[in-house]
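K.L.:
Structure below; questions to follow.
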Amino acid sequence: MTAIAGVEYVGLKALRGPLAFIDAVPGLSFHDQVELTAPDGTVRAGRVLSISEKAAVVEIFGPTDGLKLGNTRLRFEGSPLRLGVGRELLGRTFDGLGRPRDDLPPPLVVEERAIEGVVINPCRREYPRDFLETGISAIDLLTSVVLGQKIPIFTEAGFPHDTLALQIVQQARAPGVEHFAIVFAALGLPRSVALRYEEAFRTSGALSRMVAFMNLADDPAAERLITPRCALTAAEYLAFDCGMHVLVILHDITNYGESLREVSAARGEVPSRKGYPGYLYSDLASIFERAGRIKGRAGSLTQIPIVTMPSGDITHPIPDLTGYVTEGQIVLDRGLERRGIYPPIAVLPSLSRLMSDGIGAGRTREDHEDAARQLYAACARVERARSLESIIGRDELSEGERRYLQFGELFETTFLRQDPNQARSIEDTLSLAWTLFAELPVSDLTRLSPPLVARYLEAKR
Amino acid sequence: MTRDATEPAGRLIEVSGAVVRARCGVPVALAEVVWVGDERLIGEVIALDGDIATMQVYEETEGLCVGAPIAASGGPLSVTLGPGLLGSVFDGVQRPLDRLALSQGDFLGRGQHLEPLATDRLWEFRPTAAAGSTVVGGDALGTVSETPALEHHVLVPPMVGGTLVDVVPQGSYSASDVLGHVQAASGDRVDVRLVQRWRVRAPRPFRHHLPATTPLLTGQRVLDTFFPLACGSAAGMPGGFGTGKTVMQHQLCRWAQADVIVFVGCGERGNELTEMLWKLPDLVDPRSGRPLAERTILIANTSNMPVPAREASIYTGVTIAEYYRDMGYHVLLLADSTSRWAEALREISGRLGEIPAEEGYPSYLSSRLAAFYERAGRVVTLGGREGSVSIISAISPAGGDLTEPVTRHTQRFTGCFWTLDKKLAEARVFPAVSVEDSYSTVSIDLERWWHDEVSPEWAARRREALKLLEHAGQLRNTARLVGEETLPDRQRLVIRVAELFEEGFLRQSAYDVKDASCSPARQMRLLSLLLEFYHRGLDALDRGVPVRELFGLPIVAALARASSAFGDDQIAELDRLGTVLVEQCGAAARSEPDAA
Ligand SMILES: Nc1ncnc2c1ncn2[C@@H]1O[C@H](COP(=O)(O)OP(=O)(O)O)[C@@H](O)[C@H]1O
Ligand SMILES: [Mg+2]
């Protein structure tokens, strides 16, 4: 904290969107926290975006409508934005800036931490490879998640992504992990969706081991840039200081990206793609890279961000850059969702980059890798047969192609489809996969090693 | 960089993100390194206007205030070169991350400066030059065994030359020690140390270029056989997210036949570096029998580390690569990904308020890319050795769109283009190198090498296979409209053999212990086997064997699995498959009732 802490200052020079322009204040530092009091006594938080000899720019987290230039008072904290952390955060709900939202007194905190976080030295990271069982077959077998991974759900408006996120939260299991702590950040969610989450957390009894940060759709855009950072500061404390295994749900990253664009435009910055600032990638990275594990520390921080693809377009800058910077993605599909299949996970575009070192004998089961590869291969043939069918019609298909159409249906109805309350163990999931393989000619099972075929397939025949 | 506490050269007048401005009482130079604020964050001067200097800061600038001091270092951004680089991990401005982890713990602090190379480590130096002799830049004073597999030549720095006044006797010396003195004709006397410094943005000089004649073998069939890279050339590898750029870069880091590998993790994930740090020490370099980590230098400026340092990282990497080249080594620089480097350039340009050209990138993007790729080359060094720097860079095109600026410009400056295809990757066909959209302009220059070292038939086989794959691509488009069953048998054979090629040759899993790398001899043998099957298949068709029956032969499944069933040391097994192939195809043809 610097000498400026507690200094007050009156009057703004200009206001533009969420930005307030003020005269230079000696001793003010870049990214310092500011408290702004309007003439009517309402208080807003803010932070310094740039400083120069003549002026400073303050970003205001709160509605700026109705603010006047004169008579607005600014108080400088002399430090960057911080969040108080402690075990008492568990069970609490905060607003997007980390202030209690549940009518309870502020929690007891052990430390104030800068919300920007600190960069983990890559040499001190532990490579994540402990299997996290979600109980969802399509994820556990084909896009296996490990503790400390960051893997977004790519979805579209109206899809059951929140059901899926809740199912993962509720069913998550890992050897040696009693309970996961949950950190939930609502980023610009409509009230109805936020309520659904809150209700689900309450009924599942998860509330006592979770922390929520709520920035709703009508909360200010600038505040939305702070919310995930508060959530991750809390999550890092629980994971790396308290040794807990933490699941972080960030919903919805697309709203976050849009806020970034809004604030960037107000700052008059040069845009790159679709009006998004050139630093969108680095900014997203500063959120997602906070997932992981650290050598010699017990906990883990796993992130499951939810990304709505605008108009279902996976090449839109937000899903695109999220895809580049995270460790895979779980893609939900319109066709499956229309056909009423839950979870509507599209196998082929989904991916887990950390899968190969997290599965197999001693982690999941010896046949996991081969079974996954065989299922991908079969799904790729289903896909090819379907696109052929749509052009030349079913009658013109070869016998082999027709067989894959049938296989596709069987796969979707017996393997993919799953009740939102049903948790399948990885053994059950693998067993389902072998049942499917029994439907294919042995000559097509090129991805399965002969000893595995002997062991698992014969049992099915 | 000297780090003496001097009078502040100036004071900050503006801070907004990674770019700051200062009014300087003492003139600073463009590109000079400065220390910013009380914490002495590393910065570099990127623009001068009167007494106002604009600087990019290589560390997080949160908490800087107007009036904070600026100290000038007196020199440009440079790297420290000497023994101890191999096996180290640095950030984009050569801070030693591995040693910082020991002294600072799990998180990267600010203003934490450590010498890039440990000063307390002693190296056994053996002089090879004699006092009194005449030396020029690039001549060796002596050597140090940096690793059991690599002799580190201590070179007279470029631009220095004259009489070697003295050289120390054999013994142990540290990074700060002077090993000899050179008296120039001008009378200047220059210290030659165990380590030297070189500014990262200036290429290290050499005598002259050599033409591309030898391949840089990667162990990856689709690359070595179809789209080969020459030692000393550059390749671009574009691909959307999840298409396998990073896995390929890691594969190359393991299996490429280079003496030294510099891997630059430029704006990508921290875990990817962690994975390397975890796996490389256990992998053995087949050529030296030593752990692969010993030939590797990692530069990690991950996506969440300061953006200006990301911009610097590829220059830091390529300068280190040139340094080993100058000792007469073949060095491979891997950069993952240059798109993130270009974005760093864009971000800084935006902060400077420059007028953008396309998609927000500055107009000098292409000249910067050109300057970078031009640092690749096979050369005769100043000291008269042959050495090379090859560059392979991953490109992450926005939205997977290959017409975006970074991809397009890279294409102009690299001779090899390995395009990774989203559709292949989704179908889990790895490596997802698209045969249609990739090329190598140097394959002709390498034919001689393959002819002499592997097989006189390489060039012809390669061409035939490429033609077959291309033909199959066209036929598949037709089949998509009319159904494959309606095509004549000879055409269906082409399609099916192409599929067999994909399965048995192009596909190569990075996780397959036997097949992760493939020797030229095995590549040639697999190529020949598959073509042999095509030829025999054509014969069999002529004798009336239907395609379906041909592909029902057990040999087909064996060919599909051959690449992962038999490793580099099992070529004899492949020969045996060749015999079986001839037998089975012959038998099928003979059993046909209307066989001639
Ligand atoms: N050569 C390969 N062999 C096997 N699997 C691969 C290969 N290349 C890519 N993959 C798979 O694809 C995933 C994504 O690859 P990655 O290199 O991380 O993509 P990118 O860097 O292009 O985003 C990997 O996690 C792995 O599962
Ligand atoms: Mg990558």
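The values are calculated or read from the model by the stated rules, or taken from the named source; none is laboratory data. Note that the coordinates shown come from a computational prediction; the quantities given were computed from them, not determined experimentally. Every residue, glycine among them, receives a Cβ derived from its backbone with ideal geometry; neighbour counts consider all protein chains shown. Surface areas here come from the heavy atoms of the whole protein model, side chains and all, with no ligands, DNA or RNA. Shrake-Rupley method; radii C 1.70, N 1.55, O 1.52, S 1.80 Å.
K.L.:
Looking at chain B, what % of its DSSP beta bridges pair antiparallel, to the nearest 5? Don't jump to the answer; show the numbers that get you there.
P.N.:
Working: 69 of 96 bridges.
The antiparallel proportion sits near 70 percent.
K.L.:
Lys and Arg at +1, Asp and Glu at -1: add these up for the other residues within a Cβ distance under 12 Å of B:GLU60 and post the number.
P.N.:
Working: positive: B:ARG110; negative: A:GLU116, B:GLU39, B:GLU59, B:GLU62.
Residues close to B:GLU60 contribute a combined charge of -3.
K.L.:
Another question, then. For region A:39-117, report the translational diffusion coefficient in µm²/s to the nearest whole number, using Stokes-Einstein at 20 °C, 1.002 mPa s, and a Kirkwood Rh over Cα pairs.
P.N.:
144 µm²/s
K.L.:
Here's another thing I want to ask about it. A:GLU88 to A:ALA55: extension gain in nm, 0.36 nm per residue of separation minus the Cα-Cα distance? Intermediate values should be presented prior to the final figure.
P.N.:
Details: separation 33, 0.36 × 33 = 11.88 nm, distance 3.99 nm.
Result: 7.9 nm gained on full extension.
K.L.:
Can you find, among A:ALA459, A:GLY6, A:SER300, the residue farthest towards the positive end of the dipole of chain A? Put +1 on the C-beta of Lys and Arg, -1 on that of Asp and Glu.
P.N.:
The residue sitting most towards the positive pole is A:GLY6.
K.L.:
By what distance, in whole Å, do the Cα atoms of region B:22-155 stretch along each of the three principal axes, largest value first?
P.N.:
54, 41, 19
K.L.:
Just the Cα atoms of region B:208-443, one point each, no solvent: what log10 I(q)/I(0) does Debye give at q = 0.13, 0.14, 0.15, 0.17 Å⁻¹?
P.N.:
Taken in order of the listed q values, log10 I(q)/I(0) reads -0.74, -0.87, -1.01, -1.31.
K.L.:
Taking region A:374-456 on its own, what percent of its Cα-Cα pair distances exceed 19 Å?
P.N.:
I get 43 percent for the Cα pairs in region A:374-456 exceeding 19 Å.
K.L.:
Please compute the Cα-Cα pair-distance distribution of region A:110-213 with 10 Å bins starting at 0, giving whole percents from short to long.
P.N.:
11, 38, 38, 13, 1
K.L.:
Right, another one. Against the 2.2 N^0.38 Å scaling, with N counting residues, where does region B:6-72 land? I'd like the Cα-based Rg ratio to two decimal places. Could you put the intermediate results ahead of the total?
P.N.:
Numbers: Rg = 9.9 Å, N = 67, 2.2 N^0.38 = 10.9 Å.
Computed over Cα atoms of region B:6-72, the ratio equals 0.91.
K.L.:
What is the Cα coordinate range of chain B on the first, second and third principal axes, sorted by size from largest, in whole angstrom?
P.N.:
Over chain B, Cα extents along the principal axes are 98, 55, 42 Å.
K.L.:
Cα-based Rg (one decimal) and Dmax (whole number) for region A:26-179, in Å?
P.N.:
21.3, 62
K.L.:
Still on this structure: To the nearest whole number, what is the average tally of beta carbon atoms from other chains within 10 Å of the beta carbons of peptide A:125-132? Working shown, then result.
P.N.:
On the way: counts 12, 3, 9, 3, 2, 0, 0, 0.
Across A:125-132, the average partner-chain Cβ count within 10 Å equals 4.
K.L.:
Continuing with this model, one more query. Add -39500 (n - 2.57) for each DSSP H run of 4 or more in chain A, then divide by its residues: what number comes out at 222 nm, to the nearest 500 deg cm²/dmol?
P.N.:
Values: 11 runs with 125 residues, N = 461.
Taking each H run of at least 4 residues, the total per residue is -8500 deg cm²/dmol.
K.L.:
Here is a follow-up. Could you tell me, in Å, what Rg and Dmax come out for the Cα atoms of region B:119-240?
P.N.:
19.0, 58
K.L.:
Another question, if that's okay. Under 1.5 on a/c is rounded, so check that first for region A:258-370, then, if it is not, pick prolate when a/b is larger than b/c and oblate when it is not; a ≥ b ≥ c are the square roots of the alpha carbon gyration tensor eigenvalues.
P.N.:
Working: a/c = 2.95, a/b = 1.40, b/c = 2.11.
Oblate, since a/c reaches 1.5 and b/c is not below a/b.
K.L.:
Hey, another quick one. Considering the dipole of chain A built from charges on the beta carbon (Lys and Arg +1, Asp and Glu -1) around the Cα centre, which of A:VAL442, A:THR163, A:VAL109 is farthest to its positive end?
P.N.:
A:VAL109
K.L.:
Within 10 Å, Cβ to Cβ, of A:HIS245, how many net charges do the neighbouring residues add up to if Lys/Arg are +1 and Asp/Glu are -1? Each step should come with its number before you reach the end.
P.N.:
Values: positive: A:ARG293; negative: A:ASP130, A:GLU178.
Surrounding charge for A:HIS245 is -1.
K.L.:
For the protein assembly as shown, give the share of DSSP beta bridges that are antiparallel, in percent and rounded to the nearest 5; count only bridges with both residues there.
P.N.:
Values: 117 of 174 bridges.
Antiparallel bridges make up about 65 percent of those DSSP assigns within the protein assembly as shown.
K.L.:
Let me confirm one metric for peptide B:264-271, namely the mean number of other chain beta-carbon atoms within 10 Å of its residues' beta-carbons. Intermediate results must be reported in sequence, preceding the final value.
P.N.:
On the way: counts 0, 1, 0, 5, 4, 13, 11, 16.
Other-chain Cβ atoms within 10 Å of each residue's Cβ, averaged: 6.
K.L.:
In the neighborhood of A:ASN215, defined by Cβ-to-Cβ distances under 12 Å, what is the net charge if each Lys or Arg adds +1 and each Asp or Glu adds -1?
P.N.:
Working: positive: A:ARG99, A:ARG101, A:ARG191, A:ARG224, A:ARG229; negative: A:ASP95, A:ASP218, A:ASP219, A:GLU223, A:ASP252.
Net local charge, A:ASN215 excluded: 0.
K.L.:
With N residues in chain A, what two-decimal value do you get for its Cα radius of gyration over 2.2 N^0.38 Å? Intermediate values should be presented prior to the final figure.
P.N.:
Details: Rg = 24.8 Å, N = 461, 2.2 N^0.38 = 22.6 Å.
Chain A yields a ratio of 1.10.
K.L.:
Let me ask you something else. Can you give me the pair-distance distribution of region B:438-582, C-alpha pairs, 5 Å bins, whole percents?
P.N.:
2, 9, 18, 20, 21, 16, 9, 5, 1, 0
K.L.:
For region A:341-351, in order, what is each residue's ³J(HN,Hα) by Karplus, 6.51 cos²θ - 1.76 cosθ + 1.60 with θ = phi - 60°, in whole Hz (x at glycine and Pro)?
P.N.:
Each residue of region A:341-351 in turn: 8, 10, x, x, 8, 7, 5, 5, x, 7, 7 Hz.
K.L.:
Over all directions, what mean area does the Cα convex hull of region B:413-504 project, stated in square nanometres? Please report the intermediate quantities before stating the final value.
P.N.:
On the way: hull surface 30.1 nm².
Quarter of the Cα hull surface area: 7.5 nm².
K.L.:
Another one. Calculate how steeply helix B:458-482 sits against the longest principal axis of the alpha-carbon atoms of chain B, using the helix alpha-carbon long axis, and give the answer as 0 to 90 degrees to the nearest 10.
P.N.:
70 degrees
K.L.:
Span-like helices, chain A: DSSP H, alpha-carbon axial extent 18 Å or more, mean Kyte-Doolittle -0.5 or greater, which ones?
P.N.:
Working: long enough: A:191-204 (20 Å, -0.69); A:253-266 (20 Å, -0.21); A:368-392 (36 Å, -0.30).
Counting only whole DSSP H runs, the qualifying helices are A:253-266, A:368-392.
K.L.:
Which value at 222 nm does chain B reach when only helices count, each DSSP H run of 4 or more adding -39,500 (n - 2.57), with the total divided by all residues and rounded to the nearest 500 deg cm²/dmol? Display every interim value, and only then the final one.
P.N.:
Values: 15 runs with 195 residues, N = 596.
Dividing the helical sum by the residues of chain B leaves -10500 deg cm²/dmol.
K.L.:
With θ taken as phi - 60° and the coefficients 6.51, -1.76 and 1.60, list the Karplus ³J(HN,Hα) couplings across region A:85-90 in order, rounded to whole Hz; mark glycine and proline as x.
P.N.:
Per-residue couplings from phi come out as 10, x, 4, 5, 5, 4 Hz.
K.L.:
Quick one: pull the percent of accessible area on the protein assembly as shown belonging to carbon and sulfur, 1.4 Å probe, ligands and nucleic acids left out.
P.N.:
On the way: 19580 of 38260 Å².
Percent of accessible area from carbon and sulfur atoms in the protein assembly as shown: 51.
K.L.:
Hey, rough spin-label estimate for B:LEU283 and A:ASN71, points 7 angstrom out along Cα→Cβ, what's it come to in nanometres?
P.N.:
6.9 nm
K.L.:
Related question: Work out, in µm²/s and without decimals, the Stokes-Einstein translational diffusion coefficient of region A:2-79 at 20 °C, 1.002 mPa s, Rh from Kirkwood over C-alpha pairs. Please list the in-between numbers first.
P.N.:
Working: Rh = 12.0 Å.
Calculated translational D: 178 µm²/s.
K.L.:
List the pairs from B:LYS423/B:LYS467; A:LYS150/A:LYS295; B:LYS245/B:LYS423; A:LYS54/A:LYS274 whose alpha-carbon separation is above 26 Å, in the order I gave them. Display every interim value, and only then the final one.
P.N.:
On the way: B:LYS423/B:LYS467 22 Å; A:LYS150/A:LYS295 18 Å; B:LYS245/B:LYS423 14 Å; A:LYS54/A:LYS274 33 Å.
Result: A:LYS54/A:LYS274 exceed 26 Å.
K.L.:
Could you bin all the Cα-Cα distances of the protein assembly as shown into 20 Å bins starting at 0 and give me the percent of pairs in each, rounded to whole numbers?
P.N.:
12, 40, 34, 12, 1, 0
K.L.:
Quick check: Cα centre of region B:227-255 to Cα centre of region B:375-406, how many Å?
P.N.:
Spelled out, the Cα-based centre of one part sits 11 Å from the other.
K.L.:
At what distance in nm do the modelled label points of B:VAL26 and A:THR414 sit from each other, each positioned 7 Å from its Cα along Cα→Cβ?
P.N.:
Output for this residue pair reads 7.9 nm.
K.L.:
Based on the mean of other Cβ atoms within 10 Å per residue, sort peptides B:288-301, A:62-75 so the most packed one is first.
P.N.:
Values: B:288-301: 21.6, A:62-75: 14.9.
Output ranking for B:288-301, A:62-75: B:288-301, A:62-75.
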